[in-house]
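Structure first, then comments.
The values are calculated or read from the model by the stated rules, or taken from the named source; none is laboratory data. Keep in mind that what you see is a predicted model, and the values were worked out from it rather than measured. Cβ sites come from the backbone with ideal geometry, for glycine too, and all protein chains shown count toward neighbours.
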Amino acid sequence: MCTNIVVSTSVEGAGFGRQGWFGVNRATVAYDHPLRVDREHAVMLDFVDAGGGVEARVGVELTLESARALAEAILRACAEGEAWEQEARRWQPPARFRMPRA
């Protein structure tokens, strides 16, 4: 039975496909019948350029367990990235490396 579970969001980024890199402005997460994963249902991720046609799409199918592990890894990477950014804003280079102010 189809689940019809689909959640979409706007994103800002890039994807790599057959014809190289392209802008990504939409992400869709669905839970339904996969095409390639050997399960009745799977989590499907699509990253697309909404105006770029079928070539501007990267699709991934994951088991529930893999999707959850990926979501947790993304959240950990985001938390570490935010902490790094905060520390980088506080860091001041030694005086000999600072640019003179005009």
Q: Kindly indicate the residue of the range 5-33 that is at pLDDT below 95 and in a loop (DSSP other than H, G, I, E, B) and also surrounded by the fewest Cβ atoms within 10 Å (Cβ to Cβ) among those meeting that condition.
A: R18
Q. Which numbered condition trips up I74, out of (1) of a type outside the set (K, R); (2) more than 18 Å from C2 (Cβ to Cβ); (3) in a strand (DSSP E or B)?
A. (3)
Q. Quick one: how many residues across the range 77-102 are among the aromatic types (F, W, Y) and in a helix (DSSP H, G or I)?
A. 2
